[in-house]
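> Input: one structure, supplied below.
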Amino acid sequence: MTEWKTYRLGDITIMRNGKKRPNTQGIYPVYGGNGIMDYTDCYNAENTIIVGRVGAYCGNVYQSKGKCWVSDNAISVSATELVDSSFLYYLMSSVDFHHHHIGGAQPLMTQDIIGGFEISLPSLEEQRRIAGILGAIDDKIENNRRINTNLELQAQALYKQWFVDSSTVKLGDVVRTTSGGTPSRSHMEFYVGKYGWVKSKELNSSFITKTEETITDDAIAKSAAKLLPAKSILIAMYGATVGQYAILSQPMTCNQAVCALLPNENYPYTYLFMVAKNIKEELANKAIGSAQQNISQVIIKDIDISSDIEKIRQFHKIVCPHFEVMEKNQKENETLATLRDTLLPKLMNGEIKTE
């Protein structure tokens, strides 16, 4: 049995605060507390782990497997000879940094806080075996993401080629729209149901297969929430997410901050998804209000879309197989992510043996 030894994170790592990002464009990712923010032409770290240092993303953990720039709102953490760099990433992903920071309104993570965590390490050989198991899962997830990105780019290219200069009609004249509602929070039994209830912050530019909360038939009957059909296209109307979009993988409901486009025979979900994707910035620019930016269904209904039904049907026939693969890959990724997150703590505390 491999012997595990206890260390402080500060004893097995080298840490540096990031620096203000260069105002240039290039090939190296720029990491902040919320992951990759941009790309630049220089780097200040390589094969490093990035920990969010300030604000809402304080304590978030990312990994760069190559050269990168770590910005001044993050900390770079590199492995010493005592620890495998990939294992260190998974180890730090299993640590709850979010509840160990200084500051109130503006949380702050420091090198001293990170370095003070006590962790257990097996031998380097065992570390590499553990990292290999978890890395294989993440590699499959990343491969599925790349496939989906490529398929969506193909659909986008065809959409741009066929519909940018086509004759138009108002969306509201050919596609039915609706919104949702929020069941009373004084009846928490409404929130233990079988129907996903989508909030605007959950719109992910892709398929929604599950939600943070679910509601019951009774909740739907006693609120403005409505059961929406699978493949409905959702668009956020309020707050910071105005214009964000997604597609329902199965029948679900939503709150009042979300507008649903209901596909029909002439305007199938594949076409409406691409419409939502391509009007995102336009809708965001039309948002009004100071305390909370918002748009309305009226604005969405006024959007111009193609009136060429035959071409839309051809588009759907071509790209529908793409969307089916994208949905399958996303569901597989969610299963793989659940498996990885279940294995992670068990591997990190030696509960599961790799030998």
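> So Ala56 fits all but one of (1) over 28 Å from Glu3 (Cβ atoms); (2) touching a strand residue (DSSP E or B) at 6+ places or on another chain (Cβ under 9 Å); (3) of a type in the set (A, V, I, L, M); what number is the exception?
(2)
> Also: Suppose the filter is closer than 30 Å to Glu265 by Cβ, β-branched (Val, Ile, Thr) and open to solvent by 80 Å² or more (accessible area, probe 1.4 Å); does Val298 pass it?
Here the answer is yes, as Val298 does meet what is asked.
> For the stretch 1-20, name all the residues that are exposed (fewer than 14 other Cβ atoms within 10 Å of the Cβ) and aliphatic (A, V, I, L, M).
Met1, Ile14
> Also: For the stretch 108-134, give me each residue that is part of a helix (DSSP H, G or I) and crowded, with 17+ Cβ neighbours inside 10 Å.
Gln111, Ile113, Ile114, Glu126, Gln127, Arg129, Ile130, Ala131, Leu134
> Give Glu265, Glu310 a once-over and let me know the one that is of a type in the set (Asp, Glu), in a loop (DSSP other than H, G, I, E, B) and modelled with pLDDT of 95 or more.
Glu265
> Is it true that Ala74 is within 22 Å of Asp138 (Cα to Cα) and open to solvent by less than 70 Å² (accessible area, probe 1.4 Å)?
no
> Name the residues in the stretch 62-71 that are in contact with a helix residue (DSSP H, G or I) (Cβ under 9 Å, 6 or more places away or on another chain) and surrounded by 19 or more Cβ atoms within 10 Å (Cβ to Cβ), would you?
Selection gives Tyr62, Gln63.
> Looking at Glu126, Glu152, which one is within 17 Å of Tyr7 (Cα to Cα) and in contact (Cβ under 8 Å) with a residue 40 or more places away in the chain?
Just one listed residue meets the conditions, Glu126.
> More than 30 Å from Gly239 (Cβ to Cβ), of a type in the set (D, E, K, R) and modelled with pLDDT of 90 or more - does that describe any residue in the stretch 277-294?
For the stretch 277-294, residues more than 30 Å from Gly239 (Cβ to Cβ), of a type in the set (D, E, K, R) and modelled with pLDDT of 90 or more: absent.
> A further question on this structure: Is it the case that the stretch 226-239 has a residue that's in contact (Cβ under 8 Å) with a residue 24 or more places away in the chain and touching a His at 6+ places or on another chain (Cβ under 7 Å)?
no
> Can you find even one residue in the stretch 215-227 that is under 30 Å from Asp308 (Cα atoms) and out of contact with any Asp or Glu (no Cβ under 8 Å at 6 or more places or on another chain)?
Checked the stretch 215-227: at least one residue is under 30 Å from Asp308 (Cα atoms) and out of contact with any Asp or Glu (no Cβ under 8 Å at 6 or more places or on another chain).
Here's the yes/no breakdown for (1) open to solvent by less than 30 Å² (accessible area, probe 1.4 Å); (2) touching a residue at least 60 places away in the same chain (Cβ under 8 Å); (3) among the aromatic types (Phe, Trp, Tyr):
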{"residue": "Arg313", "(1), (2), (3)": "no, no, no"}
{"residue": "Cys320", "(1), (2), (3)": "yes, no, no"}
{"residue": "Met326", "(1), (2), (3)": "yes, yes, no"}
{"residue": "Lys331", "(1), (2), (3)": "no, yes, no"}
{"residue": "Asp341", "(1), (2), (3)": "no, no, no"}
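> Here's a follow-up. Out of all the residues in the stretch 21-44, is one or more in contact (Cβ under 8 Å) with a residue 60 or more places away in the chain, buried (at least 16 other Cβ atoms within 10 Å of the Cβ) and touching a strand residue (DSSP E or B) at 6+ places or on another chain (Cβ under 8 Å)?
no
> For Gly55, all conditions in the list (1) within 22 Å of the chain's Cα centre (by Cα); (2) at pLDDT 90 or above hold save one; what is the number of the exception?
Failing condition for Gly55: (2).
> I've got another one for you. When the stretch 231-267 is examined, which residues are found to be farther than 20 Å from Thr216 by Cβ and touching a Gly at 6+ places or on another chain (Cβ under 8 Å)?
Ile235, Ala236, Ala257
The values are calculated or read from the model by the stated rules, or taken from the named source; none is laboratory data. Keep in mind that this is a model prediction, so the values were computed, not measured. Here Cβ is always computed from backbone atoms with ideal geometry, including for glycine, and neighbour counts include all displayed protein chains. Only protein heavy atoms, including side chains, enter the accessible area calculation; ligands, DNA and RNA are left aside. Shrake-Rupley method; radii C 1.70, N 1.55, O 1.52, S 1.80 Å.
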